[in-house]
Amino acid sequence: MKNRIALCFCILASPVWADECPMPVDITLQMADLIEEANKVTSQTDGFSVTHRMWMLWKTAPDKRAQDLLDIGLERRGGMDLVGAMAAFDALVEYCPNYAEGYNQRAFVSFMRHDFDQALIDLDIALELSPNHVAAESGKALSLIGLGRKEEAYIVLKSAIRKNPWLPEKDLLARLIDESI
């Protein structure tokens with residue numbers, strides 16, 4: 001545990017100018033293939049497998065430092081240390097401003113804090129960087145619901161589900177239709 005804390009401190013305390021984050025690998029074609037596959041598979045097991053492979057692409061950071069920051073943030077969020085998670089994701093976004101998953105994960109922490117406006121800011125950036133980031137799109141829909149903007153949420157969620165019909169949030173569509181449209 002001490003080594004993990006020391007590693008986190010070193011990563012978070014290192015100067016921004018120490019090195020630059022490389023550009024993230026372009027996953028556009030791989031994601032398009034996974035979206036196509038998600039729409040062809042017929043079993044829940046296969047659908048979840050495709051979704052898992054999407055996550056593996058999104059969660060592969062551009063370099064070791066970025067991966068360490070992402071992993072620390074995920075671990076802290078998993079332990080409900082939202083302050084620590086936010087610090088790691090802030091550092092990740094500062095270090096790798098072109099890496100969509102940094103913004104997506106920071107948005108998730110904001111969502112957990114019920115700061116839906118801030119979550120939307122980060123989700124919009126994530127989607128600008130990675131337009132087929134289905135999880136960010138789904139997160140945007142959930143944040144819009146949190147703000148009571150259900151008609152917008154319906155449109156965004158419908159787009160996400162068109163890309164991956166296996167999202168657990170798909171069950172919200174019917175509720176959004178009943179409540180807002």
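The values are calculated or read from the model by the stated rules, or taken from the named source; none is laboratory data. Small disclaimer: the values here were computed from a predicted structure and weren't measured. When we count neighbours, we look across all protein chains shown, and the Cβ atoms used for this are built from the backbone with ideal geometry, even at glycine.
Summed over the stretch 79-106, the residues that are in a loop (DSSP other than H, G, I, E, B), in contact (Cβ under 8 Å) with a residue 24 or more places away in the chain and over 15 Å from LEU129 (Cα atoms) give a count of 0. Taken over the stretch 13-57, the residue count meeting the criterion of being touching an Asp or Glu at 6+ places or on another chain (Cβ under 9 Å) and modelled with pLDDT under 95 is 2. Report yes if some residue within the stretch 56-65 is surrounded by fewer than 23 Cβ atoms within 10 Å (Cβ to Cβ) and either in contact with a Leu (Cβ under 6 Å, 6 or more places away or on another chain) or polar (S, T, N, Q) (or both); otherwise report no. Yes, the stretch 56-65 contains a residue that is surrounded by fewer than 23 Cβ atoms within 10 Å (Cβ to Cβ) and either in contact with a Leu (Cβ under 6 Å, 6 or more places away or on another chain) or polar (S, T, N, Q) (or both). If you go through the stretch 135-149 one residue at a time, how many are assigned to a helix (DSSP H, G or I) and surrounded by fewer than 18 Cβ atoms within 10 Å (Cβ to Cβ)? Looking only at that region, the number is 1.
Residues in the stretch 111-121 that are in contact (Cβ under 8 Å) with a residue 24 or more places away in the chain and in a helix (DSSP H, G or I): 6 in all.
For the stretch 101-134, a tally of residues being touching a Leu at 6+ places or on another chain (Cβ under 8 Å) and either charged (D, E, K, R) or crowded, with 24+ Cβ neighbours inside 10 Å (or both) returns 12. When each of ARG76, ARG65 is tested for being without any contact (Cβ under 8 Å) to a residue 24 or more places away in the chain and on the phi < 0 side of the Ramachandran plot, the lone residue that passes is ARG76.
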